[in-house]
Amino acid sequence: MIDFGQPANIVAPLLLGATISHAGVTIRITEVEAYLGASDPASHTYRGMTRRNIAMFGPPARLYVYRSYGIHLAGNIVCAPEGVGHACLLRAGEVIDGIPLALQRRGQMPFHRLAQGPGNFGAALGLSLELNKESIYGPLVQFTERSAVPEIVRGTRIGISKNTEAKLRFWIPNHASVSARKGYPPQPDQHRE
């Protein structure tokens with residue numbers, strides 16, 4: 001069983017291959033990013049607790065849901081001891097159940113893009129701000145650990161402007177749902193876990 005009381009960089013690779021379900025859709029997680037609180041300038045909790053980020057301060061194994069770019073809802077799983085402010089961003093996944101519902105939420109598009117990118121992941125899963133602080137162990141959200149360990153690659157995160165060199169993005173290599181790095185060169189720093 002995953003110990004969500006561990007730091008985000010330890011929990012993040014353990015999420016790959018696991019599933020999360022809500023409102024009729026199940027997504028297998030294929031890409032995540034770790035955010036490390038006060039030691040990570042890219043983290044929402046770097047400067048301390050606010051009304052917006054309070055969910056990230058725990059308890060662990062809860063959702064932190066926020067509005068990204070004022071439009072999309074992004075989901076994170078809180079980890080580390082309560083009060084620390086760590087979370088893992090659910091960056092991409094593969095819809096494995098509830099595909100018609102995910103298509104209804106996202107519109108007609110290639111299957112691999114249904115949950116590609118944090119906002120798309122949130123939309124396909126049907127996230128709402130009301131799920132902020134909700135346990136990932138039900139009744140509204142159900143998290144299921146992976147049954148097998150996939151191949152995992154680690155590299156730098158996408159779409160941030162601070163702490164850009166930290167290798168805190170983890171993904172299943174060659175999976176079609178993993179976010180494309182538009183405008184970024186190939187990552188020579190990435191390596192297998």
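The values are calculated or read from the model by the stated rules, or taken from the named source; none is laboratory data. Please read all numbers here as calculations on a predicted model, not as lab measurements. Reconstructed Cβ throughout: ideal geometry from the backbone, glycine too, with neighbour counts over all protein chains shown. Ligands, DNA and RNA are stripped out before the accessible areas are found, and what is left, the full protein with its side chains, is counted by its heavy atoms. Shrake-Rupley method; radii C 1.70, N 1.55, O 1.52, S 1.80 Å.
Annotation note: Cβ proximity below 6 Å between a residue of region 49-62 that is within 14 Å of I77 (Cβ to Cβ) and aliphatic (A, V, I, L, M) and a residue that is assigned to a strand (DSSP E or B) and modelled with pLDDT of 95 or more (sequence gap 6+ or interchain) occurs for A55/Y64; M56/Y64; M56/V78; M56/A87.
The set of residues in region 76-105 being among the small types (G, A, S) and within 14 Å of T26 (Cβ to Cβ) consists of G93, G98, A102.
Listed residues R28, R47; which is charged (D, E, K, R) and closer than 19 Å to G85 by Cα? Show your work before the answer.
Working: R28 fails: closer than 19 Å to G85 by Cα.
On inspection, the qualifying residue turns out to be R47.
When Q104 is tested against the conditions (1) polar (S, T, N, Q); (2) touching a residue at least 24 places away in the same chain (Cβ under 8 Å); (3) under 23 Å from S177 (Cβ atoms), the lone failure is (2).
Of P41, P81, all but one fail to be in contact (Cβ under 8 Å) with a residue 24 or more places away in the chain, surrounded by fewer than 16 Cβ atoms within 10 Å (Cβ to Cβ) and within 18 Å of I158 (Cα to Cα); the exception is P41.
Restricting attention to region 3-35, the residues that are assigned to a strand (DSSP E or B) and open to solvent by less than 10 Å² (accessible area, probe 1.4 Å) add up to 9.
Could you check region 67-98 and list, in sequence order, the residues that are over 19 Å from G5 (Cβ atoms) and more than 12 Å from the chain's Cα centre (by Cα)? Those that are over 19 Å from G5 (Cβ atoms) and more than 12 Å from the chain's Cα centre (by Cα): R67, S68, Y69, G70, I71, H72, E94, V95, I96, D97, G98. One residue stands out in region 43-63 among those that are under 25 Å from K167 (Cβ atoms) and hydroxyl-bearing (S, T, Y): the one that is farthest from the chain's Cα centre (by Cα), namely Y46.
Restricting attention to region 99-139, and to residues there that are of a type in the set (D, E, K, R) and open to solvent by less than 60 Å² (accessible area, probe 1.4 Å), which single residue is nearest to the chain's Cα centre (by Cα)? Working first, answer last.
At the first step, the residues of region 99-139 found to be of a type in the set (D, E, K, R) are 105-106, 113, 130, 133-134.
After this cut, where a residue has to be open to solvent by less than 60 Å² (accessible area, probe 1.4 Å) as well, the list is 106, 134.
Working: R106: 18, E134: 15 Å.
Checked region 99-139; the qualifying residue nearest to the chain's Cα centre (by Cα) is E134.
Hey, which of the strands (runs of 3 or more DSSP E) in region 47-152, taking only ones fully inside, have at least 3 residues that are in contact with a Phe, Trp or Tyr (Cβ under 7 Å, 6 or more places away or on another chain) and not aromatic (F, W, Y)? Before the answer, list the steps.
Numbers: elements: 63-68, 72-79, 86-97, 141-144.
Where strands (runs of 3 or more DSSP E) fall fully within region 47-152 and carry at least 3 residues being in contact with a Phe, Trp or Tyr (Cβ under 7 Å, 6 or more places away or on another chain) and not aromatic (F, W, Y), they are 72-79, 86-97.
For region 3-21, the count of residues that are in contact with an Asp or Glu (Cβ under 6 Å, 6 or more places away or on another chain) and under 20 Å from V153 (Cβ atoms) is nonzero.
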